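The next block holds one structure in the form of structure tokens; read it before the comments.
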Amino acid sequence: MQKIESPELKEFRAEVNKWLTENKPAKPSFPLPQSFTEVGNNDQFEYLKAWQNKVYEAGYLGMAWPVEYGGRGKPQEYQDIVNEEMLNVRTPLMVNAVGLSWAGPTIMKHGTEEQKQKYIKPILTADEIWCQGFSEPGHGSDLGNVQTKAVRDPETGEYVLNGSKIWTTLAEQAEHMILLARTDPDASNKYAGLSFFLSPMHAKGVEAKPIYKISKEYGFCQTFFDDARIPAESLMGEEGHGWMIAMSVLTFERGVTGGQAGGNLFEITTVRDVHDTAVDCVRDGKPALEDPILRDELVDLYISERATRLSKYRGEHSALLVPERMHGLGLANKLVGSEGRQGLNAFAVRLQGNQAQLYMDDENAINGGLWQHGQLASFAGSIGGGTSEVQRNIIAERVLNLPKSR
Amino acid sequence: MNLSEAPLHIDCSEELGLLTEAATNYLRDKSTFEEMRKLADTESGYDTETWQELADMGWLGLAVPEEFGGSGLGISELTKICELMGRFLFSSPFLANTLATQVILQSKSENHIQDWVSDLCSGSKIATLALTEPNNDSWEPTAISCTATKNGDSYTLSGTKNFVLDGQNADSIIGSFLIDGKPALIMLDAVITSSLSQLPEKLVNHARRSTRINFDGVQVPTSAVLAAGDDAVRVLQYIFSLTYILLSADMAGTANGGMELTLEYARVREQFGKHIGSYQAISHPLVNAMLLIEDSLSLIYYAATVFDGTWGGESEIASRMAKSRSAEAADLIGRRAIQSHGGMGFTWECHAHLFLKRAQWGQFAYGDPVHQRRHLAALIID
Ligand SMILES: Cc1cc2nc3c(=O)[nH]c(=O)nc-3n(C[C@H](O)[C@H](O)[C@H](O)COP(=O)(O)OP(=O)(O)OC[C@H]3O[C@@H](n4cnc5c(N)ncnc54)[C@H](O)[C@@H]3O)c2cc1C
């Protein structure tokens, strides 16, 4: 979304556009992931890491982060422009997603000076990848119930970790994990016993085992902790403050709060992309775009896309918001975005008629079967980062002021 | 054509903020459920004292230039007022009168502007539009079968119009007729209007007033023609697009009102030892409705911002998108309002049905979502 821009910002936009167009890396021989949750092999990882590094070195990442930690100390508008131009030019995604978009902002908000000095710059350069250890086999939506234990060794001050985290995106590549673990099993309530750690992945007793996703590709892991010892200074905030910090993480992760370093975490697909696919599709012997029902659906997708873009603008202007629901648009961001992508992908498959059955690698698949893949991958959005059901609970409680569902 | 990826912008002026605050306070006060229910049982469906107050506040000429007796504000302000009228289920000939005034202004007919506009802004006269017909049952502005046949220095009208909003309250009716097979807009003066035999329609939304009018044999002077040919088509398209936006605003406001009513109940009503709002079968559909309302407001405010009344481009697309989405929002919350109130929701006494009924008026007048999307498809896909 562009606002009415000063000449200076206009000029900056042109400069960014030019740089991105000229420096956008050539398409590799292997398929690129459509989202940061899909980095499934080393080729993809190295390619994306090199790209992130290049963008950072050019000065286009962490533009609004303080200079002393590796940022560029500019107003947020500059980063916003870069983000928009990345979408326009369709550059590859930022691989250190967890670091750039939620671990980093959390460190900036809750971390000590030392932690900021140590962690922020390598997040931006992609030299140190971050992963997130929140979900466990037994507790996902009910995050406050996590059971992984962190016991402080009174002699050394180190914490000893036992338990396991699951669905850990980028765990194999990661240097660090933001970790929510239980330091006090006897606390007065389940939340009070939790603490937050910036935990090394390359410690003895930490092991990440990849799990095949729905597409039979890799992308996430189960992370095991077997008497793993991590240094005392891994603790962020105080013991018992873990839940508060974790909630702060989620507001960054779900885009409720700004402060992210920038860059796109998904390959953005637009309704126009689906429309372009549809032009070539035949359904039941006729061009798909002659089918009145599909036309109706396609238009409705355009309407949704438009509305989402406009709501982003409206969300930044409190005078345009419904007074009873000032935080509605922000809290709905994640839900609307993920369900929008899911609907778009599902439609792109549905309009292919009989061909819809073909998958990637079939030489006859429409558009290389990418929509079929995208349709499966889109569940990452409606499950990861808090499911759509949980998002609706949150909106019902915090925006509509309805009583808690639990 | 490709949908524009160009900068999107929404009006957000200080005047708009001040107007919103004043209008919210005024309408919340005036338009109580009790008052609106009382009005719905009267013949005219509105209160003349309140109408005068609207005029005194400058609302009747909100988007009319000051030189013609208006307040000189824009479509965004008008849209906001319509939203708030929907929000508080306010009943009056506001929409009818506003649209008729805009038709006169758009026709650029000096005489009619001189004769009518300041009276329509001051509340001393009311005008309305007669554009749709039972005959072809179409939502197209130019699907006209009523005719005006030249007869010396007058025209003889024929044919029937329906859904003439506040027809029974109007001092003047502006209708669309064919002259020699081409669209024309004809404005009936107070004498002719009062001589028409109007059949009040019984509407689902019993708070609204509209009539069905047979024009057979009615004589009007040639000076009654506001616009003809391409000019009339231009005005019709302008007014249809504007109506899409204003009805959308009314529906989004209605949806917000229905939402508040339902939320209040869901927060206090208990069953099985819990507030019903804690059950996801109640709360999640309300979240879905909220998302539709937020979409609608974004689309509506944008449509008002880019409105220029022309067809074939961004203005038309934006207004149709707004109407498609807000009709769905208002319909969903109207239904959920009734359902969420249980047995109470099925009663006349419960206010829930008022929201669904108002939503249905806005949804079906001037084209429902399927109609709007069919037109959008022609614009965007073909
Ligand atoms: C692609 C992907 C990447 C991920 N990456 C990470 C990561 O990097 N780090 C990490 O920590 N986690 C990650 N996750 C995990 C994700 O956060 C959890 O899967 C999610 O929070 C749901 O938890 P769960 O899997 O335990 O499902 P459950 O909580 O068991 O949920 C099962 C079903 O029950 C529903 N449900 C649960 N509670 C309620 C309720 N109160 N009301 C209504 N419905 C309810 C859910 O919506 C869901 O449909 C990832 C997940 C995916 C899919």
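Values computed for the structure shown
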{"read-out": "Computed E for residue A:139/residue B:137 - FRET, C-beta separation, R0 51 angstrom, nearest 0.05", "value": "0.30"}
{"read-out": "Within chain B, longest stretch free of exposed GluC sites (Glu not before Pro) [DSSP loop, at most 12 other beta carbons within 10 Å]", "value": "B:44-348"}
{"read-out": "For the stretch B:155-252, convex hull volume per residue from C-alpha positions, Å³", "value": "102"}
{"read-out": "Kirkwood Rh, angstrom, the stretch B:92-164 [1 / mean 1/r, Cα pairs]", "value": "13.9"}
{"read-out": "Cα convex hull volume per residue for the stretch A:244-348 (Å³)", "value": "124"}
{"read-out": "Top positive-direction residue, dipole computed over the stretch B:229-347 with Cβ charges, set B:281, B:244, B:232", "value": "B:281"}
{"read-out": "Accessible area buried between chains A and B, both sides summed, probe 1.4 Å, in Å² to nearest 100", "value": "4300"}
{"read-out": "Surface accessible to a 1.4 Å probe, residue A:350 within the full protein complex, Å²", "value": "100"}
{"read-out": "Largest-first principal axis extents, alpha carbons of the stretch A:1-93, Å", "value": "42, 29, 21"}
{"read-out": "Cα→Cβ-extended label distance, 7 Å offset, between residue B:44 and residue B:67, nm", "value": "3.3"}
{"read-out": "Under the span-like rule (Cα at least 30 Å along the axis, Kyte-Doolittle mean at least 0.0), DSSP H helices of chain B", "value": "B:230-268, B:280-306"}
{"read-out": "The stretch A:7-125, dipole about Cα centre (Lys/Arg Cβ +1, Asp/Glu Cβ -1), debye to the nearest 20", "value": "100"}
{"read-out": "Electrostatic dipole magnitude of the stretch A:159-246 [Cβ: Lys, Arg +1; Asp, Glu -1; Cα centre; debye, to 20]", "value": "360"}
{"read-out": "Selection from A:132, A:203, A:169 lying farthest towards where the dipole of the stretch A:130-253 points positive, charges on Cβ", "value": "A:169"}
{"read-out": "Förster radius 56 Å - calculated FRET efficiency between residue B:115 and residue A:346, Cβ distance, rounded to 0.05", "value": "0.45"}
{"read-out": "P(r) tail fraction, the protein assembly as shown - alpha-carbon pairs more than 48 Å apart, %", "value": "29"}
{"read-out": "Charge dipole magnitude, Cβ of K and R +1, D and E -1 - the stretch A:271-398, Cα centre, debye nearest 20", "value": "620"}
{"read-out": "At 0.692 mPa s and 37 °C, Stokes diffusion of the stretch A:119-219 via Kirkwood alpha-carbon radius, µm² per second", "value": "224"}
{"read-out": "Computed lengthening from residue A:191 to residue A:42, 0.36 nm per intervening residue step minus Cα-Cα distance", "value": "49.9 nm"}
{"read-out": "Residue (of B:84, B:304, B:19) at the positive-pole extreme of chain B, dipole from beta-carbon charges", "value": "B:84"}
{"read-out": "Solution diffusion estimate, µm²/s, Stokes-Einstein, chain B, Kirkwood Rh from C-alpha pairs, 20 °C, viscosity 1.002 mPa s", "value": "101"}
{"read-out": "12 Å beta-carbon shell around residue B:308, net charge (K/R +1, D/E -1)", "value": "-1"}
{"read-out": "Residue A:212 accessible area, assembled protein chains, probe 1.4 Å, Å²", "value": "120"}
{"read-out": "Given B:80/B:274; A:209/B:274; B:108/B:150; B:38/B:274; A:10/A:213; A:165/B:274, the pairs whose alpha carbons are separated by over 32 Å", "value": "B:80/B:274; A:209/B:274; B:38/B:274; A:10/A:213; A:165/B:274"}
{"read-out": "Hull shadow area, averaged, chain A [alpha-carbon convex hull, nm²]", "value": "21.7"}
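The values are calculated or read from the model by the stated rules, or taken from the named source; none is laboratory data. Nothing here was measured: the structure is a model prediction, and the numbers come from that model. Ideal geometry is used to build each Cβ from the backbone, glycine not excepted, and the neighbour counts take in all protein chains shown. With ligands, DNA and RNA removed, areas are computed over all heavy atoms of the protein, side chains included. Shrake-Rupley method; radii C 1.70, N 1.55, O 1.52, S 1.80 Å.
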